[in-house]
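First the structure, in the form of structure tokens, and then the observations on it.
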Amino acid sequence: MNVLSLRDLRVHFPGAGNPVRAVDGVSFDIVAGETLGLVGESGCGKSTLANAVVGLVAPTGGSVLVRGEEIVGADRTQLRAMRAHVQMVFQDPVTSLNPRMRVGDAVGEPLLVRGIARGQDLRRRVGELLEEVGLRPEHAMRFPHQFSGGQRQRVVIARALALRPELLVCDEPVSALDVSVRAQILNLLVALQARLGMASLFVSHDLAVVRHVCDRVAVMYLGQLAELAPSHALYSTPRHPYTQALLSAVPEPDPVAQRSRARVMLTGEIPSPANPPPGCRFHTRCPIAQAICRSDIPVWREVGESQVACHFA
Amino acid sequence: MSQVLAIENLSLSIAGARVVDGVSLSVAAGEVMAIVGESGCGKSLTAAAVMRLLPPAVRQEAGSIRLAGVDIARLRESEVRGLRGRRMSMIFQEPQAALDPLSTVGTHIAQSLRQPLHRVRAEVLRMLDEVGISDPARRIDQHPFELSGGMCQRVMIASALIGRPELLLADEPTTALDVTIQAQILDLLRKLARERGTAIVLITHDMGVVADIADRVAVMYAGRIAETGPVDALFAAPRHPYTALLLASIPRLTDVPKSVLAVIPGRVPGAAEFGPGCRFAGRCPLTEPRCEAEPPPLAPIGDGRATACWRWEQMV
């Protein structure tokens, strides 16, 4: 069963001139228990897409089905019901937590406001949630500032897990963390996925992190998908020239391997999403662009195990 | 090769706590030396000390910082000002924040030469071209808000290098940039080191960036250098447990997906919690009683390498 289905999702923001087409026709599904990675550079629309999935921004078009129920155009009651099944973890654990709220109250709040637990029962369940993310029940009495960045992200994850969501949306969950702490949180996320069997949408700019935690990966460029493939296929045989360039730009922490790697160096900058180039949106930076790329929008098609939007993949 | 920068036994303190403790390192002309470490390890303070741009709360307790033989710490402020931009320059993480929003690109770069733009316009245009800015004749009269992050970083590099300094300090120069732009900027820095002979000190938290561009690296932990040496040897066979764990905790494109990453237990000690011994002792798998009691000196172990670990031979 699909936990999440996006069909031709569009999120446009009004701008001074043309609207900014942050998300411009994205379709994919996430099945139960699956982790889908969404990668791309800043401004590609990946965070806007994540926000649309949890109902934080209103889509301008298309469809978002959460467990088969449409949330585009849904009213507040329907959105509230949906959010019991979809929870989110943001990049910065400092701004994700109320500094004046004890972390036990923050973690227990979803259970309290939905009338699921209170009193003694609530305290017990908060303790269990904290243990689930590697903290101790007695930490419930502390305030966010008494924790390190990694511990705070654990608190945020515990809160997101409180309602046992079927889909966890993570937007750059480890980008603000130091290297050694990042490994702890990644290990936790992988373990929780396996134990709880929940599906995830994992948004990140870091291809090595995405490969580490995801079953399938979608690559986004200027509001659209360039490629979508099972993780092993995307990393071993990237089909889209943008995917190839992104992968070759990730510096490997191995100097000898790094020197011998073939590079696909992109020139130029990412165009504005208010004025995306005609034809293939990537053609202004693409090393293999031809005349057709400047005029014709590439059809989304299957190549091997991958789906790709490129005339020459 | 002649040493452009030689830091000897540098110690900096904040409210009595040694946040940089006995750091020594050197960089030669045309060489890229990386200082790598996690937040709070003292890498940025070390660079700020070289530029004499330390925050007021930080005191230099000991050590010397020699730029082509002259100790910067002993110079008067006016003398140091004469060195900045001409002998040594620095670039920062947030290029937009480091550029004056009201200055045009050209005016900003000309300031490094202490000249009005009209007198050095040709030189500025050449420099913009050298750092890979397309259409310099148009860009020179634009403001920072009209440029992307990658282009702002190129402008900052241009203004840092137009005075032809021997030393460039780059503090997380690509951290705010996307990977495809990061690759371009790292290529540019590598080219500048090679073609101009600029000595570069690159401060970063990213081991991938170190592997990509550095000739040598110093790994810092809690204010001290844990280990230093040429990148190939250090990455292939770390000789400090912190380096080894740090490298093992990084997810790689070659990993088995969903495998368990190595974890360094605990967290970096705060400046108030430093013990008398090795500052990594509380988190180290090789700790013995001596590590808690006595700080290991950064001792040479051959092939240009040095490690500050009593038990490094256990890692061979």
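The values are calculated or read from the model by the stated rules, or taken from the named source; none is laboratory data. The structure displayed is predicted, hence computed values, not measured ones. Methodologically, a virtual Cβ is constructed for each residue, glycine included, from the backbone with ideal geometry; neighbour enumeration extends over all protein chains shown.
What to note about this one:
- Check on A:Leu246, within 9 Å of chain B (Cβ to nearest Cβ), hydrophobic (A, V, I, L, M, F, W, C), touching a strand residue (DSSP E or B) at 6+ places or on another chain (Cβ under 9 Å) and in a helix (DSSP H, G or I): yes
- Members of the stretch A:76-98 found to be touching a residue at least 12 places away in the same chain (Cβ under 8 Å) and charged (D, E, K, R), listed by number: A:Arg83, A:Asp92
- Subset of the stretch A:281-303 [touching a His at 6+ places or on another chain (Cβ under 7 Å) and either within 24 Å of A:Ala233 (Cβ to Cβ) or not assigned by TED's automatic domain parsing to the domain that holds A:Glu227 (or both)]: A:Ala289, A:Cys293, A:Pro298
- Those strands (runs of 3 or more DSSP E) of the stretch B:206-303 in which 2 or more residues are within 14 Å of another protein chain (Cβ to nearest Cβ) and within 24 Å of B:Ile7 (Cα to Cα) occupy B:216-221, B:224-230.
- Residue check, A:Met88 among the aliphatic types (A, V, I, L, M), at pLDDT 90 or above and part of a strand (DSSP E or B): yes
- All conditions but one from (1) at pLDDT below 90; (2) not assigned by TED's automatic domain parsing to the domain that holds A:His12 apply to A:Gly43; the one that does not is (2).
- Helices (runs of 4 or more DSSP H) completely within the stretch B:1-112 that count 1 or more residues being under 17 Å from B:Thr228 (Cα atoms): B:43-50
- Scoring A:Arg294 on the criteria (1) in contact with a strand residue (DSSP E or B) (Cβ under 7 Å, 6 or more places away or on another chain); (2) over 22 Å from A:Arg10 (Cα atoms); (3) at pLDDT 95 or above leaves a single failure, condition (1).
- Residue satisfying all of: in the stretch B:178-204; in contact with an Asp or Glu (Cβ under 6 Å, 6 or more places away or on another chain) and not in a strand (DSSP E or B); modelled with the highest pLDDT among these: B:Leu186
- Matching residues, the stretch B:162-187, being β-branched (Val, Ile, Thr) and closer than 20 Å to A:Val264 by Cα: B:Thr174, B:Val179, B:Thr180, B:Ile181, B:Ile185
- If you go through the stretch A:1-57 and keep only what is of a type in the set (Asp, Glu) and more than 25 Å from A:Phe282 (Cβ to Cβ), you end up with just A:Glu34.
- Of the criteria (1) outside any helix (DSSP H, G or I); (2) surrounded by fewer than 17 Cβ atoms within 10 Å (Cβ to Cβ); (3) under 25 Å from the mean Cα position of the chain (by Cα), which one A:Gly115 fails: (3)
- Selection within the stretch A:278-292: residues that are β-branched (Val, Ile, Thr) and outside any helix (DSSP H, G or I). The member of this set that is surrounded by the fewest Cβ atoms within 10 Å (Cβ to Cβ) is A:Ile288.
- Restricting the stretch A:99-112 to residues that are outside any loop (DSSP other than H, G, I, E, B) and touching a residue at least 40 places away in the same chain (Cβ under 8 Å), the residue that is surrounded by the most Cβ atoms within 10 Å (Cβ to Cβ): A:Val107
- Of the residues making up the stretch A:118-146, those that are within 25 Å of the chain's Cα centre (by Cα), within 14 Å of chain B (Cβ to nearest Cβ) and not small (Gly, Ala, Ser) number 1.
- A:Ala194 vs. criteria modelled with pLDDT under 95 and part of a helix (DSSP H, G or I): yes
- In the stretch B:132-154, the qualifying residues are those that are more than 14 Å from chain A (Cβ to nearest Cβ) and assigned to a loop (DSSP other than H, G, I, E, B), and the one that is surrounded by the most Cβ atoms within 10 Å (Cβ to Cβ) is B:Ile140.
- Meets criteria (part of a strand (DSSP E or B) and either under 19 Å from the mean Cα position of the chain (by Cα) or surrounded by fewer than 19 Cβ atoms within 10 Å (Cβ to Cβ) (or both)) for A:Leu38: yes
- Among residues of the stretch A:8-35 being charged (D, E, K, R) and under 16 Å from the mean Cα position of the chain (by Cα), the one that is surrounded by the most Cβ atoms within 10 Å (Cβ to Cβ) is A:Glu34.
- Residues of the stretch A:215-243 that are surrounded by 24 or more Cβ atoms within 10 Å (Cβ to Cβ) and facing another protein chain (nearest Cβ under 10 Å): A:Tyr242 alone.
- Some residue of the stretch B:77-91 being β-branched (Val, Ile, Thr), crowded, with 21+ Cβ neighbours inside 10 Å and farther than 30 Å from B:Arg279 by Cβ: no
- Which listed residue is buried (at least 19 other Cβ atoms within 10 Å of the Cβ), of a type in the set (A, V, I, L, M, F, W, C) and within 27 Å of A:Ser175 (Cβ to Cβ), from B:Val260, B:Val209: B:Val209
- Every residue from the stretch A:41-62 that is under 20 Å from A:Gly73 (Cα atoms), of a type in the set (Gly, Ala, Ser) and in a loop (DSSP other than H, G, I, E, B): A:Gly55, A:Ala58
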